[in-house]
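What follows draws every value from the coordinates through simple rules; no lab data is involved. Only a predicted model underlies this, so the values are computations on that prediction, with no experimental measurement involved. Every residue, glycine as well, gets a Cβ built from its backbone with ideal geometry; the counts of neighbours run over all protein chains shown.
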Amino acid sequence: MTIPLIAGATLHPLVLPARADAADAGEFRELARVRNTVYREITGRGEDDLTPEALLPILRSRAERTTVVWVIRVDDEMVGRAVVNIPHEEGSRVAIAMIELLPKVWGRGIGSAVLPHVEAVAREHGRTVIQNWNEQQPNDGPRIDAPTGFGSVPEDHVARFLVRHGFRLEQVYRVSHLELTADALERARELLTQARAASADYRVVQWTLPTPPEHAAGYAWMKSRMSTDAPAAGLEMDEEKWDVARLVDAEQRIAEMGSTMLVTAAQHIASGELCAFSELAIGSHPEEVTHQEDTLVLREHRGHRLGLLVKSAALLAWPEIAPRSPRVITYNAEENRPMLSINEALGFTPTAYEGAWKKELT
């Protein structure tokens, strides 16, 4: 079904192919190309690129989430996409949504015409809040401060669009990079020694996916705590329920994407409980940028430098897994000073900022 928008623009529901290389996957592969182009033009970096094979598992609906995908066209040219994720967590009020357009078609009212369709999907699923995350191009103009008191974003085209349509900036994330040099690894080695001295009651355990059975339940529990223990400012964060089955499903999806992930965890020696973890991941190409995924120290185990322990141990193990990866990228809330302090000690430097936005539907 084609949905007319304005000025020759149309919205098309996308049926995902069974495989990225299937005979009917042409439109999906074009969507992957346009997605990557949008990200490159906005961020100036290519490290967020995803192959069609890696993007497909992300866009499929799953037990814990329904995903709706549209293609946006102007005449016959694909110029963007819209995606709505509906979490299935009990009592959720939230839809996570994005409208991504090539900058060359900004300012024509296309995004404004797409937004009511996004909001309709949210309402159909009983959601009263829409949230999204946007990295914006740096500039020297006016800025919007986060209500947390930490960080700001440019008051640019993206911000003006969101504010005009009822979104409020809730939180700012710092994007940081670490070059994987010999000096960086030596610094991590020194910091690991310091962390071990402060965490004598804990040991480091590491594995590449899939998770060994003896760690699966503990790792799943820590993943569930990511949704409750990480700083969330005024965002609506559902309490996610992770068990071993959900963990296995997630790890199968990562394998389908062609990614490799190292999990570094801290284990309380006396109880055997896993109480902190950090993830490093890389896609199918050996020279890709490494992504720092989730990192968390359970609240009841904080104060023992476990965040530094797992992050420095992970960096030291990573060259054995991805020796040609040049750098690591990580995202952290600007008010998360404990984690930012660890990153800064390890040598991460800020390179960009991302705004987290929220809209209450009426």
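Shape class for the range 203-359, computed from the alpha carbon gyration tensor (a ≥ b ≥ c): rounded, with a/c under 1.5. For the range 234-265, GluC sites (Glu not before Pro) meeting the loop criterion (DSSP other than H, G, I, E, B) and having at most 15 other Cβ atoms within 10 Å: GLU239. The LEU361 and GLN137 beta-carbon pair, evaluated with R₀ = 35 Å, returns a calculated FRET efficiency of approximately 0.80. Go ahead and run the numbers for FRET between GLU273 and ARG93, Cβ-Cβ distance against an R0 of 30 Å, rounding to 0.05. Taking R0 as 30 Å, the efficiency between GLU273 and ARG93 is 0.40. Coupling constants for the range 307-320 follow from the phi torsions by the Karplus curve (6.51 cos²θ - 1.76 cosθ + 1.60, θ = phi - 60°), and in residue order they are x, 5, 4, 6, 6, 6, 5, 5, 4, 5, 7, 5, x, 6 Hz; glycine and proline get x. 3J(HN,Hα) along the range 8-25: x, 8, 9, 10, 10, x, 9, 8, 6, x, 5, 9, 5, 9, 5, 4, 9, 9 Hz, from the Karplus curve 6.51 cos²θ - 1.76 cosθ + 1.60 with θ = phi - 60°, whole Hz, x for Gly and Pro. When only Cα pairs below 8 angstrom with a gap of at least 6 residues are kept, the range 256-362 shows a relative contact order of 23 percent. Taking other C-beta atoms within 10 Å as the exposure proxy, ARG93, ARG324 rank ARG324, ARG93 from fewest upward. Using alpha carbons only, how many degrees (0 to 90, rounded to 10) separate the axis of helix 110-124 from the longest principal axis of the chain? It is inclined by approximately 70 degrees. From the Cα gyration tensor of the chain, with a ≥ b ≥ c the square roots of its eigenvalues, which class applies: rounded if a/c is under 1.5, or else prolate if a/b is larger than b/c, or else oblate? Judged from the Cα gyration tensor, the chain comes out prolate (a/c at least 1.5, a/b above b/c). Couplings 3J(HN,Hα) of the range 164-181, computed from phi: 4, 9, x, 7, 10, 5, 10, 7, 10, 9, 8, 9, 10, 10, 10, 6, 8, 9 Hz, in residue order, whole Hz [Karplus 6.51 cos²θ - 1.76 cosθ + 1.60, θ = phi - 60°; x for Gly and Pro].
For the chain, the longest principal axis of the Cα atoms and the long axis of helix 337-346 meet at an angle of about 70 degrees.
The angle between the Cα long axis of helix 26-43 and the main principal axis of the chain comes to about 70°, on a 0 to 90 degree scale. Is the range 168-255 rounded, prolate or oblate when judged by the Cα gyration tensor, a ≥ b ≥ c being the square roots of its eigenvalues, rounded requiring a/c under 1.5 and prolate requiring a/b larger than b/c? Oblate, since a/c reaches 1.5 and b/c is not below a/b. On a C-alpha basis, how far is the centre of the range 47-86 from the centre of the range 119-161 in Å? Whole number, if you could? Spelled out, the Cα-based centre of one part sits 20 Å from the other.
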